[in-house]
Amino acid sequence: MDASRSLPRDAPRVDMSATGGAEKIPADDTVLSDAVAAFLHRYLADEIRLCLGLSGGQDSVVLLHVLAALIPEKLSAIHVHHGFFPEDDAWADFCETLCRKRSIPLTVARTRIDPEVARRKGLEAAARAARYQAYCAHGATRPVAFALAHHQRDQAETLLLRLCRGAGLSGAAGMRAAQTRVFQGKSLLFLRPLLEQGKAAIENYARRHDLEWMEDKSNQDVSFRRNALRHRVFPALAPFFPAAEANFSRAARHFSEAEQLLSELAESDARQIGARLEKLRLLSPARQANWLRYWLKDAGWQTPPAARLSEVLRQLAAINPADTRFQENLPEGSLRLWRGTLYRVPKSLPPSAVLLALESAEPISWGGGRVLWEARVGEGIDTARLMRARKAGGNLWLRPRQGGEALQTAPNRPRRPLKALLREAGIPPWLRVNWPLLYLENELIAAPALGVRADWQCLSGDTGILPVFRSPSA
């Protein structure tokens, strides 16, 4: 690094010498630019804008310079101001000056590091969580992908850190070049155009283009594990393994490819077995564990530690499929067994009554699942009668069970308790408690999976509307 071009973290506002607008990259310096251009062609859709996470350090400044030359019309930037260090204002000022000189729209997102998260998980994790919070808020109203300036050395450090913590294949895969992450219910696309680039190439680019950046003093603090790897471990490896960083990065790619193959295998197994215990037992132990990780991740649940995962599979191997007592509690909910099928039962608040505007046919959130309204020919509620009742002022309600309800589902059959109908329909006990029921005022007219009251059913040739409950369990 050319120290004369870097600026200390506590430096005052810098007088930038760069001119505004996009800059052309010299013809003899196109290797890095071509690599980024190829990356964008592969991962960035035409209709999506790109927002660069701009810290003000060398890596993000170099990426800003390259992107401003390639896609100036699609580019913006966001700087997350944590307000944790006294010099954070200087970093924000630097980024504002840099983007103004290059005519790049910049958002300075002021956030705070949660002291409780910092205490439990460390300062780095707390700062990362605050950044994701800022990205989530920024992307809430616009189609945008976020570009991050992680490079080959960052990947190598990430891999080694995770291996030291005993990571599995997913952790060993490191950072992905393109990765969708769900944060607070919103999917965010992160792109890392420099992930295959060595740090030396980035430093050389910065020198050749006479770029200025901020220097983070905390990067020298070896009490942070990543810094300890950077300043102590990798230099010690270099005399014996000169290409260690590149090799670690390449290994992460191999792990990522292997994880993709295992994910595809788990997806195939999931289609074959669903969550049936007798079919799961036909798989090898390794495939059982692979399926279980995939199945939990598919519901947005965290994968338990390996020992816990092995214990769950051990219990499932020994249990009678008809045993309904099996329950394994996890942070997001519990695993339950019912009639030979494994269920994911998320934690959720008991649902309360909902006043419906059925004309909109919008799905209704219910106990972690959803109630849908499906049009069926010769099946479901008599739509014409329902509309007449609605026009006459009748309110339509979705209510949970209270106990003692009964339903007559055919003219030639008696009214039967819902308790019996739910049991006969194979509804798991934990879902029966708050099963959604459709009322017109105080008149029960339908229950998902159980049927429509006989005098409310549509004629065979007419189109009716049928309530369907998609539970969160299966």
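The values are calculated or read from the model by the stated rules, or taken from the named source; none is laboratory data. Computed from a predicted structure; not experimentally measured. Cβ coordinates were reconstructed from backbone atoms using ideal geometry, including for glycine residues, and neighbour counts include every protein chain displayed. Calculation scope for accessible area: heavy atoms of the full protein, side chains included, ligands and nucleic acids excluded. Shrake-Rupley method; radii C 1.70, N 1.55, O 1.52, S 1.80 Å.
Could you please give the count of residues in the range 99-124 that are within 14 Å of LEU54 (Cβ to Cβ) and touching a strand residue (DSSP E or B) at 6+ places or on another chain (Cβ under 8 Å)? Result for the range 99-124: 8.
The residues of the range 265-283 that are in a helix (DSSP H, G or I) and either over 18 Å from SER473 (Cα atoms) or not aliphatic (A, V, I, L, M) (or both), listed by number, are LEU265, ALA266, GLU267, SER268, ASP269, ARG271, GLN272, GLU278, LYS279. From the list LEU355, LEU349, the lone residue that is within 30 Å of ARG388 (Cβ to Cβ), of a type outside the set (D, E, K, R) and exposed (fewer than 12 other Cβ atoms within 10 Å of the Cβ) is LEU355.
With respect to (1) small (Gly, Ala, Ser); (2) open to solvent by 50 Å² or more (accessible area, probe 1.4 Å); (3) touching a residue at least 24 places away in the same chain (Cβ under 8 Å), the lone exception for SER249 is condition (2). All of GLY198, GLY174, GLY166 fail the test of being open to solvent by less than 50 Å² (accessible area, probe 1.4 Å), over 17 Å from the mean Cα position of the chain (by Cα) and at pLDDT below 95, apart from GLY198. For first residues located in the range 308-323 and over 17 Å from ALA289 (Cβ atoms), partners that are open to solvent by 70 Å² or more (accessible area, probe 1.4 Å) and lie 6+ apart or on another chain with Cβ distances below 7 Å form the pairs PRO321/GLU278. When ALA406, ALA389 are screened for being surrounded by 15 or more Cβ atoms within 10 Å (Cβ to Cβ) and within 24 Å of SER352 (Cα to Cα), only ALA389 passes.
Tallying residues that are loosely packed, with under 13 Cβ neighbours inside 10 Å, under 21 Å from ARG339 (Cβ atoms) and in contact (Cβ under 8 Å) with a residue 24 or more places away in the chain within the range 409-432 yields 2. Among the residues making up the range 284-303, a single one is hydroxyl-bearing (Ser, Thr, Tyr) and in a helix (DSSP H, G or I): TYR294. Taking the range 49-139 as the region of interest, the strands (runs of 3 or more DSSP E) fully inside it that hold 1 or more residues being open to solvent by less than 10 Å² (accessible area, probe 1.4 Å) are 49-53, 75-81.
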